[in-house]
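Structure first, then comments.
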Amino acid sequence: MNVFKLAVTIIARHWSYLLIYTLALGCMAILGSGAIETPQASEFSNDAPKVAVVDRDGSELSAALKDFALKDAVEVHVEDSTFALQDAAAKDLASYVLIIPEGFQEGLVEAAHGGADAPTLETVVSYQGARGALMDQRVKAYVQSLYGFASVDAQASARDVANNATAACGDETPVELFSVDSEGLSVKYINFAAFSAYALFTSSAIFIAVGLASLRKTEMRRRLVVGPVRSESYGAQVGLACVLASLVIWAVIAAAGLAVFRPLAGGAAPASVAIVVFGQLGVALIGAAFGFLLWQLGASESVANGAGNIVGLACSFFSGAWIPLSIVGEGVRVAAAFTPFYWATNAMIEVSQASRITSGLALQAAGEVGVTFLWALVIAIIAVAIGRVRLRERGA
């Protein structure tokens, strides 16, 4: 096992890659899954938008519209000029700017009595967030109420129309916050497991490909090949070193997820947690096999870094870790089934959505995780075959 020990020693010398990829990307997976929680409010509070209203009409209806727009909002005073109004929205000084034109009341009443369209309001909606757009919908609904009440009673005064519209639009739906004790795998833990696939694959692939680069040196290679080590034993021992490296990376990231999210303490079934953990192991082994393949191909350090990151990003995308596959096209979903991360992520999602883990579901999820291990085996076999071809070419 001299080759195995030597390979492990050489890989371990590149501990900086272990820190960069395993710890850094692992922490990103934890943070990205929402491990850090903000204190939950005991009561619901509306996120008040910043609203600026410029009333150029000065009528009772325009005053009522202004009061409605500023209700439950933070009023922002803006100069009545084109530049100031646009600047307020561009700099997010106001989420919503409403300009009530001169003659608004007269035009609305005449339009309501004659069945014409209501006067158009000038608005500037901030592009930052949806609060301005929601306020715009509220204002339009209020104007429609003014229009409706004015059209119903031609003898109604402007004050009566405004009061009726305010009363009609003033109803609010009560909102109450309550907590629910849930059992099973939490969404945050599943998100972490899906996000961690990129960290597991990239860490294993690059750490191994770069770490084994020294074994390609001419003197080192000649000494090992000429020595009493068969080529089959040589490849097997290097492969075992790759597996050991990936196991260390998997243990660190999987243990971090179990410690932070504590799925077993939350009532999750041990079988469902095992599916997630072994799914992560399968991804780590795929990374090890890919790193072994890069080493057999003679990839340089820069090529190994680039290939590991690109393949990891692509496989993570097709697994549905970042974007749910339910919102993409059918062609993308079909293509995703031919990528390695998809099967592990799909198994994790299935066990997390189930109310209880049945034997049939457990077997199905285990089979999908098994496909992940088969991916690792196939890539490793391809790497061994390429290594034998390259060794035969050197001998020739």
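The values are calculated or read from the model by the stated rules, or taken from the named source; none is laboratory data. Everything numeric in this text was worked out from a predicted model, so none of it was measured. In this analysis, Cβ positions are derived from the backbone assuming ideal geometry, glycine residues included, and neighbour counts consider all displayed protein chains.
Just one of (1) under 21 Å from Ala241 (Cβ atoms); (2) part of a helix (DSSP H, G or I); (3) modelled with pLDDT under 90 fails for Gly298. It is (2).
Among the numbered conditions (1) closer than 26 Å to Asp160 by Cα; (2) part of a loop (DSSP other than H, G, I, E, B), the only one that His77 does not meet is (1). Listed by position, the helices (runs of 4 or more DSSP H) contained in segment 301-386 that have at least 2 residues being touching a Pro at 6+ places or on another chain (Cβ under 9 Å), assigned by TED's automatic domain parsing to the domain that holds Ser203 and under 16 Å from Leu200 (Cβ atoms) are 301-319.
The lone criterion from (1) within 17 Å of Ala29 (Cα to Cα); (2) touching a residue at least 40 places away in the same chain (Cβ under 8 Å) left unmet by Ala255 is number (2). Of all residues in segment 350-396, those satisfying the criterion of being closer than 24 Å to Ser186 by Cβ and among the charged types (D, E, K, R) are Glu350, Arg356, Glu368. Checked against (1) among the hydrophobic types (A, V, I, L, M, F, W, C); (2) free of Cβ contacts under 8 Å to residues at least 40 places away in the same chain; (3) surrounded by 19 or more Cβ atoms within 10 Å (Cβ to Cβ), Ile327 passes all but a single condition, namely (3). When you scan segment 269-282, do you find a residue that is more than 22 Å from the chain's Cα centre (by Cα) and part of a loop (DSSP other than H, G, I, E, B), even just one? Taking every residue of segment 269-282 in turn, at least one turns out to be more than 22 Å from the chain's Cα centre (by Cα) and part of a loop (DSSP other than H, G, I, E, B). Look at segment 148-168: where a residue is modelled with pLDDT under 90, no partner that is hydroxyl-bearing (Ser, Thr, Tyr) and exposed (fewer than 12 other Cβ atoms within 10 Å of the Cβ) sits 6+ places away or on another chain with Cβ atoms under 8 Å.
Can you confirm whether segment 322-332 contains a residue that is under 27 Å from Ala7 (Cα atoms) and not hydroxyl-bearing (Ser, Thr, Tyr)? No, that holds for no residue.
If I filter segment 331-347 for residues that are touching a residue at least 60 places away in the same chain (Cβ under 8 Å) and among the charged types (D, E, K, R), do I get at least one hit? No - not one qualifying residue is present in segment 331-347.
Looking at segment 119-136, can you tell me whether even one residue there is surrounded by 18 or more Cβ atoms within 10 Å (Cβ to Cβ), closer than 23 Å to Asp160 by Cβ and of a type outside the set (Ser, Thr, Tyr)? Scanning segment 119-136, I find at least one residue that is surrounded by 18 or more Cβ atoms within 10 Å (Cβ to Cβ), closer than 23 Å to Asp160 by Cβ and of a type outside the set (Ser, Thr, Tyr), so the answer is yes. Once segment 207-223 is narrowed to residues that are in contact with a helix residue (DSSP H, G or I) (Cβ under 6 Å, 6 or more places away or on another chain) and more than 14 Å from Ala24 (Cα to Cα), the residue that is modelled with the lowest pLDDT is Ser214.
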